[in-house]
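Below: one structure, written as structure tokens.
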Amino acid sequence: MNAAERAEAPSPGLTLRSTTGAAYRFDPGALCLELLTTGGPGPYQRYEVLHEPADVTAWAERSRLTPTPEVAVSATEVALVRGLRDALFRVVIAHMRGEPHPPADLAVINETAARPALAPAIGPDGRRRWAGAPRGTALAATVARDAVELLTGPHVHRIRTCAAEDCHLIYVDTSRPGRRRWCSMEHCGNRHKVRALRARHSEEG
């Protein structure tokens, strides 16, 4: 999926829930970073949501892929998607820390990207659709290619973690000014404003 295809999504972003249960929208700015919200390696394992094929299908339906792909996923492909996600997680974290990209994880991303990806087509009604009967492997390849584009593209230096100390969501700031600090203004951005207001009132009191 290239940058133009990413831009086709009418309202990109995922609906997440805070620890209090409040729903908010989070737009990580790239398809591959959307996958990082499903869990991850090490301490992020406790957030794992990709346990079975239906979970991967549900993530694809929530993603910025347009139109929504109807993907058939096997148990083996669930492991493939999770392996790609964990490799991407480690590479992105290393990048943000200014550390060398782990070679084994780069190999996972590159090998997955080399597989056939989801192919766009024009349907009989003139609308865009996905060709054939997409499998989980094609979905993984599409995500991996998006990761390659992001990590070698013009916004690679804008991959960041939310500025809130207790939030670990990762996004790429694609805005023109490049001043994004929060995963979501309605969540962490708003919490920061409330804390700052309380601090000022405390000082004034």
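For this structure, a couple of remarks:
- Working note: Karplus 6.51/-1.76/1.60 with θ = phi - 60° gives the stretch 97-109 the couplings 8, x, 9, x, 5, x, x, 5, 6, 4, 4, 4, 4 Hz, where Gly and Pro are set to x.
- Relative packing of peptides 46-53, 148-155 - highest average C-beta neighbours within 10 Å first: 148-155, 46-53
- A 1.4 Å probe run over the protein chains yields, for the stretch 66-107, 48 Å² of accessible area per residue, whole-number rounding.
- Computed FRET value (nearest 0.05) for ALA114 with ASP166, which takes r as the C-beta separation and R₀ as 41 Å: 0.60
- The packing ranking of peptides 60-68, 25-33, 137-145, highest mean first, is 137-145, 25-33, 60-68, where packing means the average number of other beta carbon atoms within 10 angstrom of each residue.
- Size of electric dipole in the stretch 41-115: Cβ of Lys, Arg +1 and of Asp, Glu -1, about Cα centre, debye, nearest 20: 240 debye
- Formal net charge of residues neighbouring ALA121 (Cβ-Cβ distance under 9 Å; K, R +1; D, E -1): +2
The values are calculated or read from the model by the stated rules, or taken from the named source; none is laboratory data. From a predicted model like this one, the values you see are computed outputs, not experimental measurements. Neighbour counts run over all protein chains shown; Cβ positions are idealised from the backbone, glycine included. In case anyone asks, the SASA skips ligands and DNA or RNA and just uses the protein heavy atoms, side chains included. Shrake-Rupley method; radii C 1.70, N 1.55, O 1.52, S 1.80 Å.
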